Structure formats: structure tokens, C-alpha cells
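K.L.:
The structure under discussion is supplied below as C-alpha cells; questions concerning it will follow.
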Amino acid sequence: MKTYVAEIGGKAALAFRAADDEEADAMIDDENSTMRSDLQVLTDPNGDPLWDGKATIRVRPATAAEDAEWSQSRDQAISDGEIDLDAGENPEEWTISFPK
């Protein structure tokens, strides 16, 4: 699995994991995906949604720093019980939003 970033308007909006470029694109392109709904619910520091439901979403591989931030957030979520490994939750399905 690799870390990818969904960009909106040239800005990183969401980091997530996918097996390859095709899967990453498919995860964002699926109109019924939780990724798209998350982008409309999650907000930026001004309280505005990360995505207006219309702007183009571009997917790219995460930078080393973005990948490290995703990994740190996932590890913290496991420690905090937000990801319950005993219940079979997959830590690779963790996503984080930018900017924080």
C-alpha cells in the first residue's frame, strides 16, 4: 500500500492509502465513495468544506512528509483506540485531512 493525496484547487485535502495509482484514482472517482462525502463534511481552518462537490479532485502520490504525517496519525489513532485492531478494523483505511 502507498499513501496518496487528494488535491483540490492545488492544495492537499486528504491523505489515504491505496494499492496503486489505479486504485487511488478509482477511490476518488467513485461518486458514491466515502472519500467524496468526507471531503464535503471535513472543513478547513475557516470552517469551510474541503470540497464543494464540483471542483476537480486530483490524486497524486504523497510526499515523504505527507506519508510520515499519515503514518504518525494512523499510529496515534491505534494508540487512542480510534482504530480497533481487535475488532478487525483495517489501519490502512485511515485517512487524514489537510490542513490541520
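K.L.:
Give the residues of region 54-64 that are more than 17 Å from M27 (Cβ to Cβ) and loosely packed, with under 10 Cβ neighbours inside 10 Å, sorted by residue number.
P.N.:
Scanning region 54-64 gives K54, A64.
K.L.:
Looking only at region 55-86, count how many residues are of a type outside the set (D, E), within 20 Å of D38 (Cα to Cα) and assigned to a loop (DSSP other than H, G, I, E, B).
P.N.:
Residues flagged as of a type outside the set (D, E), within 20 Å of D38 (Cα to Cα) and assigned to a loop (DSSP other than H, G, I, E, B) within region 55-86 amount to 4.
K.L.:
Criterion first (surrounded by 12 or more Cβ atoms within 10 Å (Cβ to Cβ), in a loop (DSSP other than H, G, I, E, B) and more than 15 Å from the chain's Cα centre (by Cα)) does E89 satisfy it?
P.N.:
Working: surrounded by 12 or more Cβ atoms within 10 Å (Cβ to Cβ): yes; in a loop (DSSP other than H, G, I, E, B): yes; more than 15 Å from the chain's Cα centre (by Cα): yes.
Against the criterion (surrounded by 12 or more Cβ atoms within 10 Å (Cβ to Cβ), in a loop (DSSP other than H, G, I, E, B) and more than 15 Å from the chain's Cα centre (by Cα)), E89 qualifies.
K.L.:
Spot the failing condition for D44; the list is (1) touching a strand residue (DSSP E or B) at 6+ places or on another chain (Cβ under 9 Å); (2) modelled with pLDDT of 90 or more; (3) surrounded by 12 or more Cβ atoms within 10 Å (Cβ to Cβ), and only one is missed.
P.N.:
(2)
K.L.:
Could you tell me which of the residues A64, A24, A18 is closer than 18 Å to E92 by Cα, among the aliphatic types (A, V, I, L, M) and in contact with a helix residue (DSSP H, G or I) (Cβ under 9 Å, 6 or more places away or on another chain)? First the steps, then the outcome.
P.N.:
Values: A64 fails: in contact with a helix residue (DSSP H, G or I) (Cβ under 9 Å, 6 or more places away or on another chain); A24 fails: in contact with a helix residue (DSSP H, G or I) (Cβ under 9 Å, 6 or more places away or on another chain).
That would be A18, the only listed residue that is closer than 18 Å to E92 by Cα, among the aliphatic types (A, V, I, L, M) and in contact with a helix residue (DSSP H, G or I) (Cβ under 9 Å, 6 or more places away or on another chain).
K.L.:
Taking P49 as meeting all but one of (1) in contact with a helix residue (DSSP H, G or I) (Cβ under 6 Å, 6 or more places away or on another chain); (2) touching a residue at least 12 places away in the same chain (Cβ under 8 Å), write down the number of the exception.
P.N.:
It fails just one condition, (2).
K.L.:
Continuing with this model, one more query. Name, by its number, the condition in (1) in a helix (DSSP H, G or I); (2) modelled with pLDDT under 95 that does not hold for D52.
P.N.:
Unmet condition: (1).
K.L.:
Something else: Take the conditions modelled with pLDDT under 90 and out of contact with any strand residue (DSSP E or B) (no Cβ under 7 Å at 6 or more places or on another chain) and apply them to S33. Does it pass?
P.N.:
Numbers: modelled with pLDDT under 90: yes; out of contact with any strand residue (DSSP E or B) (no Cβ under 7 Å at 6 or more places or on another chain): yes.
Against the criterion (modelled with pLDDT under 90 and out of contact with any strand residue (DSSP E or B) (no Cβ under 7 Å at 6 or more places or on another chain)), S33 qualifies.
The values are calculated or read from the model by the stated rules, or taken from the named source; none is laboratory data. Remember, predicted model here, so these are calculated numbers, not experimental data. Cβ coordinates were reconstructed from backbone atoms using ideal geometry, including for glycine residues, and neighbour counts include every protein chain displayed.
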